[in-house]
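Note sheet for the following structure.
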Amino acid sequence: AAAIEALGRVDAVNYLDAIIVCLKDTDAEVRRAALNAITRLGHGHINVDNIPRICTLLSDSHREVLVSTLSVLSQLVNNKENDQLAIQEAITDSDRDRVIQCLHHEAFTIQAAACTLLSHLNQHTATEDLRILANDTEQHDMARREAINALADLLKDKPEAINNELIKNFSQWILDKSQPVRLAAISNLLKLDKVVSEQIDVQPLEIIISAANGELVLETEDDSLDSSEKLNTISVTVEAPTTKEIPASKPIEYTPAESELDKQPAQQSAMSTLEALSMDNVEMTLAAEQSAQENTQVLSVAEQEEHQEYFDLLEENNKRGIKMKAPKWDVTTDARYLSLRVLGQSNSAQAVNALITALESSDALARHEAIRALGQIANNPHPPAELLNAFGRLVTLMHSDVEDNRLACVQTLGDMKHRAAIPEIINHLSDDDYHVRLHGVYALAKLCQLQIDQGDNDPEDQIVINDMNTDDILQALINVLDDKEPGVKMAAIESLLALRGISQEDNELEKIIRIALNDQGALTKRIAQLLRHYHAESAGGLLLDKMQVAEDSGHRRFIIEMLEELYKPEVLAA
């Protein structure tokens, strides 16, 4: 096994046939090593006559060998360097039947690998088996997710096989208890929307929009049924635009009887490492604040300011820990967020209108997902004209109290390439949130470059009333050089140098060099690399002048590092 792995690592293609012979070895580890080596060496070099030898391992009793066999066949079939058609023909019908049988294996890794291989083989006879696997809630989430992915891939190649029953299955999976299954259902429904016929009662995109609006709900057909019968009658209802709203059923009031367990002292539930760290931050903050209140009289003004900086840091870390903690929502709410996110992969006017509607939602996270999705659509080569209808609402949401939404708006407005957003983005270069300022610089630089390319000509689909000239935009970026955060200053430097908006007469270049020499040289090398491409000669002259008046050896060291980067021999030779 070690010898085979070594041959694979050194790309010993000449020994590929010898490695394939090792597939017959009695030791499972040797067979597995041979399969892994074939994966590395088989791209473009596999002989079609060797495919049946690999397929014999589809009946292997060792799990890892079987998983590797399925994975190797998937890669060989899917690799464009190989003769894909010849490889597919070399896999016999009996081999394909064994792959389908792997869908019923007890190991979910084997089930998932079989799903992938069946989709690459375009094995349409496996459609029903894949649907059954995806519907089986007792199976592992990974296997069900891959079954949905494979089913959608097969249906895309054979759209005539798509019927109302299959679309209904995808609708049910959107509200599945497993989030991976929900996401797979929504993503693949969007793919099927491009090929599905008009004979389907409800189009896939309409289902996704219904989920994005929170209108996709699980209901029982008859409330009079007992619990055992209800399990078999759960269905998904999609509200079509022309149908009337069905009034929601009244919630059932239920008061559980107090048991002996309820009377016991509450036990502290187990928490994750992140939750424990967040709790520690909260406790430390409270303890520090309490200590500060007790010692207010004995602390000097300077000490109070120093302690306050520490308290602010603890509070900021605590907020960051809360954001990092994975939130939990009910199935319908989570499906709504996922649907809004997936709509960003659509370039249709219908999707854009649904996202614009979501911008008016009272749910801040729903607005956030809609903003992000609109930005994703804006990056398409030819976004729909309806996207401009979101501009006014995005400008309004830039004044949101939620930092994440302000950040998303800044990024999306930059991606929309609408020059009317320039004044608003400039106003947010002084935002309280670091990330808003950082991405505001990048968005402003993108719009400034657009204005330089277009000159004074307004785009045909945009009306720019308060247009700003390029010099004013560059001056706004220059002002960012005084920001307190090194990352924001670095973003401004990168943008200014890329836009070639640095003027030595106005001392911007000297200000950039001063930034490079501060903060213990944290930005020295990166700034020198940027100056090398745009202002190597003028920057070198300024650095040599500063060398003569350097305060100490520390400053001289940073100056020497910048000069070394500016005048690297390979750079001069290039």
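Numbers for the structure displayed
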| quantity | calculated |
| --- | --- |
| Exclusive hit being buried (at least 16 other Cβ atoms within 10 Å of the Cβ) and touching a Gly at 6+ places or on another chain (Cβ under 9 Å), set 422, 377 | 377 |
| Candidates 449, 454 - the one that is among the polar types (S, T, N, Q), in contact with a Leu (Cβ under 7 Å, 6 or more places away or on another chain) and modelled with pLDDT under 90 | 449 |
| Residue in the stretch 131-161 that is farthest from residue 194 (Cα to Cα), counting only those that are open to solvent by 60 Å² or more (accessible area, probe 1.4 Å) and not in a helix (DSSP H, G or I) | 138 |
| Count - residues of the stretch 425-454 that are free of Cβ contacts under 8 Å to residues at least 12 places away in the same chain and open to solvent by less than 50 Å² (accessible area, probe 1.4 Å) | 0 |
| Single match in 306, 403, 360 (criterion: under 29 Å from residue 175 (Cα atoms) and either surrounded by fewer than 22 Cβ atoms within 10 Å (Cβ to Cβ) or not β-branched (Val, Ile, Thr) (or both)) | 360 |
| Residue among 112, 126 that alone is of a type in the set (Gly, Ala, Ser) and farther than 22 Å from residue 31 by Cα | 126 |
| Extreme residue, surrounded by the most Cβ atoms within 10 Å (Cβ to Cβ), among residues of the stretch 181-195 that are touching a helix residue (DSSP H, G or I) at 6+ places or on another chain (Cβ under 6 Å) and part of a loop (DSSP other than H, G, I, E, B) | 193 |
| Candidate set from the stretch 522-535 (those that are farther than 10 Å from residue 566 by Cβ and outside any helix (DSSP H, G or I)); member that is most open to solvent (accessible area, probe 1.4 Å) | 522 |
| Scope the stretch 156-183; condition closer than 20 Å to residue 114 by Cα and under 26 Å from the mean Cα position of the chain (by Cα); matching residues | 156, 180, 181 |
| Some residue of the stretch 99-114 being in a helix (DSSP H, G or I), acidic (Asp, Glu) and free of Cβ contacts under 8 Å to residues at least 60 places away in the same chain | no |
| Condition check for residue 164: open to solvent by 60 Å² or more (accessible area, probe 1.4 Å) and within 30 Å of residue 199 (Cβ to Cβ) | yes |
| Positions within the stretch 2-30 being under 22 Å from residue 78 (Cβ atoms) and open to solvent by 20 Å² or more (accessible area, probe 1.4 Å), in sequence order | 11, 13 |
| Lone unmet requirement of (1) open to solvent by 30 Å² or more (accessible area, probe 1.4 Å); (2) within 23 Å of residue 110 (Cα to Cα); (3) over 33 Å from the mean Cα position of the chain (by Cα) for residue 40 | (3) |
| Tally of residues being in contact with a Lys or Arg (Cβ under 7 Å, 6 or more places away or on another chain) and either among the charged types (D, E, K, R) or in a helix (DSSP H, G or I) (or both) across the stretch 357-371 | 3 |
| Top-ranked residue of the stretch 51-97 - restricted to ones that are charged (D, E, K, R), under 36 Å from the mean Cα position of the chain (by Cα) and open to solvent by 40 Å² or more (accessible area, probe 1.4 Å), ranked as farthest from residue 22 (Cα to Cα) | 80 |
| Residue match in the stretch 509-521 (condition: outside any helix (DSSP H, G or I) and either in contact (Cβ under 8 Å) with a residue 60 or more places away in the chain or exposed (fewer than 14 other Cβ atoms within 10 Å of the Cβ) (or both)) | no |
| Selection status of residue 390, among the aliphatic types (A, V, I, L, M) and either crowded, with 16+ Cβ neighbours inside 10 Å or modelled with pLDDT of 95 or more (or both) | yes |
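The values are calculated or read from the model by the stated rules, or taken from the named source; none is laboratory data. Computed from a predicted structure; not experimentally measured. Positions of Cβ are backbone-derived with ideal geometry, glycine not excepted, and every protein chain shown enters the neighbour counts. When the accessible area is computed, the model is the full protein with side chains, heavy atoms only, and any ligands, DNA or RNA have been set aside. Shrake-Rupley method; radii C 1.70, N 1.55, O 1.52, S 1.80 Å.
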